[in-house]
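The next block holds one structure in the form of structure tokens; read it before the comments.
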Amino acid sequence: MSDPAIILDSLEKWFPPALSGWRGFLQPFAPPTSPALRGISLEVKQGEAVALLGANGAGKTTLLRILGTLLLPTRGAASLAGHDTAREPTAVRRQIGYHAGSDLGFYARLTGRQNLQFFGRLNHLSDEFSASRIKTLGERFRLGRDLDRQARTLSSGTIQRLSLLRALIHQPKVLLLDEPTRSLDAIAAADFRHFLKTEVLARKDTSLLFASHTMQEIELLADRVAILDEGKLLAFDTPTALRARTLSTSLEEAFARLTGRHPYSAGEPTPE
Amino acid sequence: MRQILRDIFLFFQRDLRIASTYRSPFILEAVEALFGAAMFYYVAQFVDSPALREALPQGKTYFAYSLAGFVFFDYLNAALDTFDRSLQEARDTGTLEPLLVTQVSLPVILIGSAFYPFAATTLRIAVYLGWAAVLFDFPLRAANWLAVLAVLLATLLAFAGLGVLSAAYLLLFKRGNPAKWFILGVSSVAGGMLFPVSILPPWLQVVAHLNPVTYAMDAMRGALLDGAGIASIGRPLLLLLAFAAVLLPSSIVIFSWSLRRTKITGTLTHR
């Protein structure tokens, strides 16, 4: 049996409080007091798709950023493709494709293609390979002529598709996607989910860990769902098992029952 | 090592490509340099006197003395300013996070991002000196270019350490480094940019003699205006290299610590 793609072992992340004014100078030395992740342990198998589901502030982005080597855990460990994210960040980055939910940064005066070529080179891809991937994925994501327009002239949805293409260009072993379809229109979002399902996950050689608030997306893509609430892992199972365990008819209902959050059905009793 | 050099070149290529999308600034900068050189020439004409020439260390015209000081200061400014500016730009444009998940480390990103500004500063200085030589008889023919290059490289190495410290400060505190402005401010008075340090009050002369910029400036004027060879500017060169030997490694250690700290506090990409 192959090793897990991602292992989280009692992972904790605490942040210091935000200090302002002259106390801002103490910020780098302030002790961490706010928990963002509390003792998260889970494994993502190779080729598996796992969704992170939780309210805002549940810790989804923090978790993805630790795996993306942008944050260091306070306690516990996170490893990706056998490499510890804190001790071997370069080896980890070799394995990942990362799409941030915010800051889809591109150089405004460069075209989409020039931006992608630049990031491809920073991932040590050959120009031929980059060009071929940009062509294939550009067609798949219907980027067409937008690839050759300056990034400053592109819509937010197009920038989002470019950012997803950037995460995929080097064929990473592990995809870390934070709300991948947030700025996409309904058709582009459906198209991207279909692409992930049929052309990335179907090959079973790429693992996917993604944060999403879209239940339809989670139902379609995720083999298992990790439900987070205030930094704690409440449940980690298949969507079917989560529904059965909570006597729910939908994943949304299961989420509401597990977290005690009731967006549409306030007052409905939760199972003991 | 080859891969690191290749990565550094990628950033230069990126910045060159971005700069080439702006056409007029090249022309505007050349025009600005023309007016700048003219301004130094006419100010020098206004203040020039036999007594002033006597007071200048190299016995040259005030025009040559002040313009050499000014262009060198431009270089110093680039060395101090480039690292934190490139970091700030990456953070403000949102490109820092995508850069940090590539296979290139942040120190390489910073060094790579510094190359184009240094090249642009070199070009701007060349244009300044070109105008000054062609139109105002700046004594370029006397220059020992090998020695000029040696001084520039030693200066870059010496002050890049302060630039890296400045970037570390920006990482930690999210704002510009006041120490950088202090150094530039002190050096503009007690560094011999526009006037010899011998005219300063004694206590400021002490400051000037403790300031490595003074030695670098003297070495640069010696190489550029007097054609001094590397041997004759060996002392200030060694001093600059000693400064670099202490400051560069310590600034890299402090930068690495700051980077780790921001990954702990979660403020790495905060603005």
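Only the coordinates and a few stated rules stand behind these numbers; no lab work does. For clarity, every value in this text was computed on a predicted model and none was experimentally measured. Reconstructed Cβ throughout: ideal geometry from the backbone, glycine too, with neighbour counts over all protein chains shown.
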### FRET efficiency, residue B:270 to residue B:245 (Cβ-Cβ, R0 45 Å, nearest 0.05)
0.85
### Query
Among B:62, B:42, A:98, which comes first, second and so on when ranked by fewest other beta-carbon atoms within 10 Å?
B:42, B:62, A:98
### Task
Once you have the Cα-Cα distance between residue A:171 and residue A:247, take 0.36 nm times their residue separation minus that, and quote the gain in nm to one decimal.
23.4 nm
### Query
For residue B:142 and residue B:238 in one chain, what is 0.36 nm times their gap in residues minus the Cα-Cα distance, to one decimal in nm?
32.2 nm
### Query
What share of all Cα pairs of the range B:2-265, in percent, falls into each consecutive 10 Å distance bin?
7, 27, 33, 23, 9, 1, 0
### Query
Between rounded, prolate and oblate, where does the range A:7-126 land on the alpha carbon gyration tensor, with a ≥ b ≥ c its root eigenvalues, rounded for a/c under 1.5, else prolate if a/b exceeds b/c?
oblate
### Summary
Most fluctuating of B:112, B:36, B:192 in the GNM of chain B (C-alpha, under 10 Å) is B:36
### Query
Once both axes come from the Cα atoms, what is the angle between helix B:145-173 and the longest principal axis of chain B, in degrees from 0 to 90, rounded to 10?
40
### Task
Can you tell me the relative contact order of chain A? Whole percent, Cα pairs under 8 Å, sequence separation 6 or more.
23
### Task
Identify which of B:135, B:67, B:194 has the largest mean-square fluctuation in a Gaussian network model of chain B, with springs joining Cα atoms closer than 10 Å.
B:135
### Message
Which order do the peptides A:31-39, A:16-24 come out in when sorted by mean C-beta neighbours inside 10 angstrom, highest first?
### Response
A:31-39, A:16-24
### Summary
Rounded to a whole number, the mean other protein chain Cβ count within 10 angstrom for residues of A:109-118 is 3
#### Entry: Efficiency of FRET from Cβ geometry, residue B:135 and residue B:186, R₀ 25 Å, rounded to 0.05
0.15
### Summary
One finds the C-alpha centres of the range B:128-197 and the range A:127-160 to be spaced, in Å, by 42
### Query
Among the listed pairs A:60/B:263; A:45/A:135; A:13/A:45; A:60/A:204, which are separated by more than 27 Å between their Cα atoms?
A:45/A:135
### Query
When you look at the Cβ of every residue in B:88-101, what mean number of other chain Cβ atoms sits within 10 Å?
6
### Query
Which percent, nearest 5, of DSSP beta bridges in the protein assembly as shown are antiparallel?
55
### Task
With everything on Cα atoms, drop me the angle between helix B:178-189 and the longest principal axis of chain B, reported from 0 to 90° to the nearest 10.
10
### Length-normalised contact order of the range A:62-212 in % [C-alpha pairs under 8 Å, at least 6 apart]
25
### Query
Based solely on its DSSP helices, what 222 nm [θ] is calculated for the protein assembly as shown when runs of n ≥ 4 H residues each add -39,500 (n - 2.57) and the sum is averaged over all residues, nearest 500 deg cm²/dmol?
-18000 deg cm²/dmol
### Relative contact order for chain B, counting Cα pairs under 8 Å that sit 6 or more residues apart, in percent
26
### Query
Counting only other chains, what is the mean number of Cβ atoms within 10 angstrom of the Cβ of each residue in peptide A:164-171?
1
### Query
Picking from A:189, A:141, A:236, whose Cα lies most toward the positive end of the charge dipole for the protein assembly as shown (charges on Cβ: Lys, Arg +1; Asp, Glu -1)?
A:141
### Task
Order the peptides A:240-250, B:208-218, A:161-171 from the highest to the lowest mean number of other Cβ atoms within 10 Å of their residues.
A:161-171, B:208-218, A:240-250
### Global geometry of the range A:92-135, whether rounded, prolate or oblate, following the gyration tensor of its Cα atoms and the 1.5 cut on a/c
oblate
### Query
Build a GNM of chain A with springs between Cα atoms under 10 Å: which of A:127, A:223, A:146 gets the top mean-square fluctuation?
A:127
### Query
Once Lys and Arg get +1 and Asp and Glu get -1 on their Cβ, which of A:67, A:211, A:246 lies farthest toward the positive end of the dipole of chain A?
A:67
### Query
Taking the protein assembly as shown as the region of interest, what is the percent of Cα-Cα pairs per 10 angstrom bin, listed from the shortest bin to the one with the maximum distance?
3, 16, 23, 21, 15, 11, 7, 3, 1, 0
### Two-site FRET efficiency, residue B:92 against residue B:28, from Cβ-Cβ distance with R₀ of 25 Å, rounded to 0.05
0.60
### Sparse-neighbour loop sites [trypsin sites (Lys or Arg not before Pro); the range B:142-197; at most 13 other C-beta within 10 Å; DSSP]
B:175
### Summary
By the Kirkwood definition, with r running over pairs of different Cα atoms, the range A:104-171 has a hydrodynamic radius in Å of 11.5
